[in-house]
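The values are calculated or read from the model by the stated rules, or taken from the named source; none is laboratory data. Since this is a predicted model, take the numbers as computed values, not measurements. Cβ coordinates were reconstructed from backbone atoms using ideal geometry, including for glycine residues, and neighbour counts include every protein chain displayed.
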């Protein structure tokens, strides 16, 4: 029997041959790519790849090797596609993505909509992004804000997309798919909950507390210290503050921001009641125009996948091969199709970059219903 050293030497010799054959294969794939460019053929041919996998599987002797050669050739064909996508970029065959780069959002006279009411965190985010004197107004729901920019009664909407403790705002992901609106900016503000009541009220007077359900959860440690208080969920923290003012009942209080308390003439009975004092929410700025700032460096997309083994793995490889840093991935159920999911991904880049065009071309050919949600 050969020694371990001898076996390794034989493996090295085989590997040298594999590397030479790999380079020969990639050279041929490049020639295939040139042919496809000249003749307007698609890079991804699902039927051809399926037939190839069956062919190579039939040429091995064991079940273990069958699975191994299947995985190997999936990778080889994936590398071939990525080479051909790069050739398309170099040949200028990818063209421009349907978004226009702009130097600024020209928001000086813009109308900006936010969900909630005066004093809402979303209003604070709006003024943080567009300035204190921006022309803004509120609607009750996220959907109404998306409808306002779709129909043109507002130029931009500022909407929450993610909280550092509560996670993603699922409804917003669904609305981004439903509406033809696009993300053009983002801003993050700290979420600093207070307990606010009528002027002259004291904590000992409180019997009922109103706020958004998530806010009640985020202040649960403080609220649990007062287990006799009734906790009542409303649509928005600022709406809760407004209710306290309107009801004029000293036994009622709101969990809201100090800003909302000030807007509605309430007194802060206890500040910093968050369980997590580092709590913050990320808001997106949305418009109905396909535009992006020329210095934008973050892209959001969504897509669906075929129900096949390894499909997500192969899609994500497009980020690796194009040296793009993926920063976030979320999934949401596809309505009307049980156990199927839509994936939402954020990654670094600009729509004018060749690497981004290359990755998006590959993602579009190999996924279903890919949408660019924005570059910001």
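Tabulated results
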quantity	calculated
Subset of the range 344-369 that is in contact with a helix residue (DSSP H, G or I) (Cβ under 7 Å, 6 or more places away or on another chain) and modelled with pLDDT of 95 or more - its residue that is surrounded by the fewest Cβ atoms within 10 Å (Cβ to Cβ)	350
Test: residue 74 is in contact (Cβ under 8 Å) with a residue 60 or more places away in the chain, closer than 29 Å to residue 87 by Cα and surrounded by 14 or more Cβ atoms within 10 Å (Cβ to Cβ)	yes
Failed criterion for residue 169 (all others in (1) in contact with a helix residue (DSSP H, G or I) (Cβ under 9 Å, 6 or more places away or on another chain); (2) within 24 Å of residue 348 (Cβ to Cβ); (3) touching a residue at least 60 places away in the same chain (Cβ under 8 Å) hold)	(3)
Strands (runs of 3 or more DSSP E) completely within the range 174-241 that count 3 or more residues being in contact with a strand residue (DSSP E or B) (Cβ under 9 Å, 6 or more places away or on another chain) and closer than 27 Å to residue 376 by Cα	182-190
Verdict on residue 25 being farther than 22 Å from residue 360 by Cα, surrounded by 12 or more Cβ atoms within 10 Å (Cβ to Cβ) and either in contact with a helix residue (DSSP H, G or I) (Cβ under 8 Å, 6 or more places away or on another chain) or touching a residue at least 12 places away in the same chain (Cβ under 8 Å) (or both)	yes
Of all residues in the range 245-295 being out of contact with any helix residue (DSSP H, G or I) (no Cβ under 9 Å at 6 or more places or on another chain) and assigned to a helix (DSSP H, G or I), the one that is farthest from residue 118 (Cα to Cα)	247
Residue in the range 143-160 that is touching a helix residue (DSSP H, G or I) at 6+ places or on another chain (Cβ under 6 Å) and part of a loop (DSSP other than H, G, I, E, B) present	yes
In the range 129-151, residue nearest to the chain's Cα centre (by Cα) [restricted to those that are in contact (Cβ under 8 Å) with a residue 12 or more places away in the chain and more than 24 Å from residue 212 (Cβ to Cβ)]	150
Hits in the range 347-365 - residues which are outside any strand (DSSP E or B) and in contact with a strand residue (DSSP E or B) (Cβ under 9 Å, 6 or more places away or on another chain)	349, 350, 351, 352, 356, 359, 360, 363, 364
Residue 58 vs. criteria without any contact (Cβ under 8 Å) to a residue 12 or more places away in the chain and surrounded by fewer than 10 Cβ atoms within 10 Å (Cβ to Cβ)	yes
Every residue from the range 104-128 that is touching a residue at least 24 places away in the same chain (Cβ under 8 Å) and either more than 17 Å from residue 169 (Cβ to Cβ) or more than 26 Å from the chain's Cα centre (by Cα) (or both)	104, 105, 107, 109, 110, 111, 112, 117, 118, 119, 128
